[in-house]
1. Which condition number in (1) surrounded by 18 or more Cβ atoms within 10 Å (Cβ to Cβ); (2) in contact with a strand residue (DSSP E or B) (Cβ under 8 Å, 6 or more places away or on another chain); (3) at pLDDT 90 or above is the one that residue 152 fails?
2. Taking the residues in the range 118-146 that are crowded, with 17+ Cβ neighbours inside 10 Å and assigned to a loop (DSSP other than H, G, I, E, B) as candidates, determine which candidate is farthest from the chain's Cα centre (by Cα).
3. Restricting attention to the range 40-60, which residues are within 36 Å of the chain's Cα centre (by Cα) and part of a helix (DSSP H, G or I)?
4. Can you find a residue in the range 158-175 that is touching a helix residue (DSSP H, G or I) at 6+ places or on another chain (Cβ under 8 Å), in the same structural domain as residue 121 (by TED's automatic domain parsing), modelled with pLDDT under 85 and part of a helix (DSSP H, G or I)?
5. Check 35, 22, 39 and return the single one that is out of contact with any strand residue (DSSP E or B) (no Cβ under 8 Å at 6 or more places or on another chain) and closer than 30 Å to residue 7 by Cα.
6. How many residues are surrounded by 14 or more Cβ atoms within 10 Å (Cβ to Cβ) and over 23 Å from the mean Cα position of the chain (by Cα) if we restrict to the range 27-39?
7. Do you know which of the residues in the range 90-117 that are without any contact (Cβ under 8 Å) to a residue 24 or more places away in the chain and in a loop (DSSP other than H, G, I, E, B) is surrounded by the most Cβ atoms within 10 Å (Cβ to Cβ)?
8. State which residue is surrounded by the fewest Cβ atoms within 10 Å (Cβ to Cβ) when the search covers only the range 62-89 and only residues that are out of contact with any strand residue (DSSP E or B) (no Cβ under 8 Å at 6 or more places or on another chain) and farther than 30 Å from residue 36 by Cα.
């Protein structure tokens with residue numbers, strides 16, 4: 001398989017608008033269902049769930065959770081902040097984290113719950129955690145424990161890039177033994 005060369009750095013990867021719009025519409029739908037469950041619990045009473053209070057509680061949780069998802073989707077549409085960026089130094093994340101090219105040990109394509117991820121394994125996790133804000137570092141540590149040592153993973157489908165291409169681009173930027181800088185030229 002002939003994969004394309006990595007473009008000149010920096011390269012920003014943004015969420016595709018179609019996916020964000022789909023998430024927004026789904027979120028609005030679930031907020032509406034949650035509000036209906038909260039306001040009219042009798043409509044949702046069944047043989048399994050006879051308690052209107054329980055249905056109201058579930059409806060309120062549903063409306064709140066998906067309400068936050070709607071807010072996030074609207075912010076993604078307005079801000080259009082990159083999901084991640086390949087820079088001359090490494091992979092920059094929106095939470096302020098930077099995985100330096102020299103710190104990347106391995107890159108793998110994994111599938112979890114029918115979602116494809118590009119898992120980035122690092123040589124020195126502590127230097128990566130130091131680049132994060134405390135709350136983000138804590139969440140990244142939890143993620144590393146759950147994801148086989150990877151403090152973060154890239155979502156290629158989220159940004160419209162094939163997983164194999166993303167892996168190839170990351171590997172092209174990892175310095176080989178004896179190289180002092182990134183093998184891909186940076187754009188000035």
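1. (3)
2. Ranking the qualifying residues of the range 118-146, first place goes to 131.
3. 41, 44, 53, 54, 55, 56, 57, 58, 59, 60
4. Yes: the range 158-175 contains one or more residues that are touching a helix residue (DSSP H, G or I) at 6+ places or on another chain (Cβ under 8 Å), in the same structural domain as residue 121 (by TED's automatic domain parsing), modelled with pLDDT under 85 and part of a helix (DSSP H, G or I).
5. After applying the criteria, what remains is 22.
6. 6
7. In this case the residue turns out to be 94.
8. 79
The values are calculated or read from the model by the stated rules, or taken from the named source; none is laboratory data. What you are looking at is a predicted structure, and each value in this text was computed from that prediction instead of being measured. Cβ atoms come from the backbone with ideal geometry, glycine included; neighbour counts cover every protein chain shown.
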